[in-house]
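Input: one structure, supplied below.
The values are calculated or read from the model by the stated rules, or taken from the named source; none is laboratory data. All values derive from a computational prediction rather than experimental measurement. Methodologically, a virtual Cβ is constructed for each residue, glycine included, from the backbone with ideal geometry; neighbour enumeration extends over all protein chains shown. We work out accessible area using only protein heavy atoms, side chains counted, and drop any ligands, DNA or RNA first. Shrake-Rupley method; radii C 1.70, N 1.55, O 1.52, S 1.80 Å.
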Amino acid sequence: MLHFIYNQLMRVLLPLMLIRLKRKSRKLPEYGIRWDERLGKKNIDVAPGGILFHVASLGEAISATPVIEAILAKYPKLPVTITSTTPTGSAQIKQTFADRVVHCYLPFDLPIIQRKFINQIQPNVLVLMETELWPNLIFHAKRINCRVMVMNARLSNKSAKGYKKLAKLTEQMMQRLDLVATQFADDAQRFAQLGCRPERIKITGNIKFDTRLSEKMQLQINQFSQNWRHTRPVWLAASTHEKEEEQILAAHKTLLAEHADLLLVLLPRHPDRFESVYELASEQFNCELKSECMGRLAQQTQVLVGDTLGEMAIYVSVADIVFVGGSLVATGGHNPFEAACQQKPIVYGPHVFNFEKSYQVLAQQQACAQVNNPAELANKIHELLTNPAQREQLANNAHNCQQKFQGATEQTVNLIENQLEIAIKTTKRGQPYTSYKASAYN
């Protein structure tokens, strides 16, 4: 009954979801195109029997890349499809994998749409990233005997409470998961409490601990550094959100009183906010856009706004200190290991519930520093700028901590291979499907 209610609600919400996309397209035109994919109307040309990865957005796409690359290397003829829900995730997938995979947006989670989508792709294995749990997608994958796995699975207390409000629907969905590879023991416990079978849960660690620079990215950093001939101190505010930039700029204003040549690199999380953040910063500071300066900054520039995609590693490379955004506002924080892998000191705010355990591990290793407001942020940046030994120690601890907890990627790849082997032995693709008669799922 709950699944039936869920489907009726999704049908009612569909026009509102389309209106929301239309509104978002005013700032980011990519939201206004490729609706045929979101509505399951696009003909997807992919051979049956492959793997379908769903990675949602930019961060998940980056994190999943080493796993997908390993699968492509080991199974070069295996059909691989990757879906996302955001234009930034889509752009990252296209840039990284080009024509080595089939890519499209994940259709809305309505039963008739997901049934058609799964029938077209006919995957042997569906791999969902972190908490991308969609009842109809999972149901129709299982309807064709596809193995369903969640990799790098995480479940915060907040998310678990939300799922508990729909306990019966959640339990049905959890029972259909063949394998859940969780980041930490706390995540495993929450999945079990929501109905996932304990024997199907494996604790593999967080694949984001395995974040490293690819050869391509290292080459881009080297090329950029040839133009970046600045000896000024730099701090990076990465993946920032609305109402957070104001706090960061306030901290920067305080810092300039003591460090007149200090440069802030301000990198908003979402591309549709590049322009508004630039305008905000320009009201108080001499400001430039990264896309226009190409690294050749004027000496009077106080804030550089990062308005290019897929270049986080470049921004990190020029920074002396990295503040990880989404943490001074209740967004849940972002990946700190993009800074740790380049041996940079990490500063973050109090709201990191999406990466709670990761920051706990870093804190236990004295590998990061928490601040709670703009005044504390300014004080911590000042402290690190004036104390090179402390800055170096924090950076070394971050890098060593990351190295200590690596290995999740290899484990995850092995588990996906195992699911693929099981599927190949038990399933034949390319055969007609019998229609499922339960109206709740159609």
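Any idea which of (1) assigned to a loop (DSSP other than H, G, I, E, B); (2) touching a Phe, Trp or Tyr at 6+ places or on another chain (Cβ under 7 Å) is the one residue 21 doesn't satisfy?
Only one criterion in (1) assigned to a loop (DSSP other than H, G, I, E, B); (2) touching a Phe, Trp or Tyr at 6+ places or on another chain (Cβ under 7 Å) is unmet by residue 21, namely (1).
Another question, then. Residue by residue through segment 173-207, note down the ones that are open to solvent by 70 Å² or more (accessible area, probe 1.4 Å) and either farther than 24 Å from residue 404 by Cβ or outside any helix (DSSP H, G or I) (or both).
Those that are open to solvent by 70 Å² or more (accessible area, probe 1.4 Å) and either farther than 24 Å from residue 404 by Cβ or outside any helix (DSSP H, G or I) (or both): 193, 197, 198, 199, 202, 203.
When segment 270-281 is examined, which residues are found to be open to solvent by less than 50 Å² (accessible area, probe 1.4 Å) and not β-branched (Val, Ile, Thr)?
Once the filter is applied, which keeps residues that are open to solvent by less than 50 Å² (accessible area, probe 1.4 Å) and not β-branched (Val, Ile, Thr), segment 270-281 yields 271, 272, 273, 274, 280, 281.
Moving on. Restricting to helices (runs of 4 or more DSSP H) lying wholly in segment 289-408: which have 1 or more residues that are closer than 26 Å to residue 153 by Cα and more than 22 Å from the chain's Cα centre (by Cα)?
Once the helices (runs of 4 or more DSSP H) in segment 289-408 are filtered for at least 1 residues that are closer than 26 Å to residue 153 by Cα and more than 22 Å from the chain's Cα centre (by Cα), what remains is 356-364, 388-404.
Among the residues of segment 141-156, what is the count of those that are more than 20 Å from residue 102 (Cα to Cα), assigned to a helix (DSSP H, G or I) and either in contact (Cβ under 8 Å) with a residue 40 or more places away in the chain or not basic (Lys, Arg) (or both)?
Going through segment 141-156 one residue at a time, the tally reaches 1.
Kindly check whether there is at least one residue in segment 221-232 that is in contact with a helix residue (DSSP H, G or I) (Cβ under 7 Å, 6 or more places away or on another chain) and among the charged types (D, E, K, R).
No: segment 221-232 contains no residue that is in contact with a helix residue (DSSP H, G or I) (Cβ under 7 Å, 6 or more places away or on another chain) and among the charged types (D, E, K, R).
Condition check ((1) acidic (Asp, Glu); (2) modelled with pLDDT of 95 or more) across all residues:
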position: 182; (1), (2): no, yes
position: 186; (1), (2): yes, no
position: 208; (1), (2): no, no
position: 211; (1), (2): no, no
position: 220; (1), (2): no, no
position: 243; (1), (2): no, yes
position: 259; (1), (2): no, yes
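What's the number of the only condition in (1) open to solvent by 80 Å² or more (accessible area, probe 1.4 Å); (2) within 26 Å of residue 205 (Cα to Cα) that residue 392 fails to meet?
(2)
Identify the residue in segment 195-230 that is of a type in the set (Phe, Trp, Tyr) and more than 18 Å from the chain's Cα centre (by Cα) and, among all such residues, is farthest from residue 179 (Cα to Cα).
Selected residue: 228.
Looking at this structure, is residue 27 open to solvent by 30 Å² or more (accessible area, probe 1.4 Å), at pLDDT below 90 and under 25 Å from the mean Cα position of the chain (by Cα)?
yes
Moving on. Applying the selection to segment 195-230, what residues are under 13 Å from residue 311 (Cα atoms) and basic (Lys, Arg)?
The one that is under 13 Å from residue 311 (Cα atoms) and basic (Lys, Arg): 216.
Could you run through segment 71-89 and say how many residues are under 20 Å from residue 105 (Cα atoms), among the small types (Gly, Ala, Ser) and either in contact with a Cys (Cβ under 6 Å, 6 or more places away or on another chain) or modelled with pLDDT of 95 or more (or both)?
Residues that pass the stated criteria total 1.
Another question about this same structure. Determine the pairs where a residue that is more than 14 Å from residue 363 (Cα to Cα), located within segment 341-352, has a partner that is hydroxyl-bearing (Ser, Thr, Tyr) and open to solvent by 20 Å² or more (accessible area, probe 1.4 Å) with Cβ atoms under 7 Å apart, the partner being 6 or more residues away or on another chain.
341/211; 342/317; 351/331
Which residue is farthest from residue 112 (Cα to Cα), if the candidates are limited to segment 1-47 and must be free of Cβ contacts under 8 Å to residues at least 40 places away in the same chain and among the small types (Gly, Ala, Ser)?
So the residue we want is 25.
Got at least one residue in segment 344-351 being within 30 Å of residue 135 (Cβ to Cβ) and at pLDDT 95 or above?
Checked against the condition, which is being within 30 Å of residue 135 (Cβ to Cβ) and at pLDDT 95 or above, segment 344-351 yields at least one hit.
While we're on this one: If a residue has to be open to solvent by less than 40 Å² (accessible area, probe 1.4 Å) and among the hydroxyl-bearing types (Ser, Thr, Tyr) to count, how many in segment 228-261 make the cut?
2
So residue 267 fits all but one of (1) within 17 Å of residue 326 (Cα to Cα); (2) assigned to a strand (DSSP E or B); (3) open to solvent by 20 Å² or more (accessible area, probe 1.4 Å); what number is the exception?
(3)
Looking at 408, 378, 340, can you tell me which residue is touching a Gly at 6+ places or on another chain (Cβ under 6 Å) and open to solvent by less than 10 Å² (accessible area, probe 1.4 Å)?
Every option except 408 fails the conditions.
Something else now. Just one of (1) in a helix (DSSP H, G or I); (2) open to solvent by 10 Å² or more (accessible area, probe 1.4 Å) trips up residue 213, so point out which.
(1)
Here is a follow-up. If I filter segment 153-167 for residues that are modelled with pLDDT of 95 or more, within 23 Å of the chain's Cα centre (by Cα) and not aromatic (Phe, Trp, Tyr), do I get at least one hit?
yes
Moving on to the next point. Among (1) among the polar types (S, T, N, Q); (2) surrounded by fewer than 21 Cβ atoms within 10 Å (Cβ to Cβ); (3) under 25 Å from residue 212 (Cβ atoms), there is one condition residue 402 misses while meeting the rest; what is its number?
Going through (1) among the polar types (S, T, N, Q); (2) surrounded by fewer than 21 Cβ atoms within 10 Å (Cβ to Cβ); (3) under 25 Å from residue 212 (Cβ atoms) one by one, residue 402 breaks only (2).
Report those helices (runs of 4 or more DSSP H) wholly inside segment 48-136 carrying at least 2 residues which are without any contact (Cβ under 8 Å) to a residue 60 or more places away in the chain and buried (at least 18 other Cβ atoms within 10 Å of the Cβ).
Once the helices (runs of 4 or more DSSP H) in segment 48-136 are filtered for at least 2 residues that are without any contact (Cβ under 8 Å) to a residue 60 or more places away in the chain and buried (at least 18 other Cβ atoms within 10 Å of the Cβ), what remains is 58-74, 87-97.
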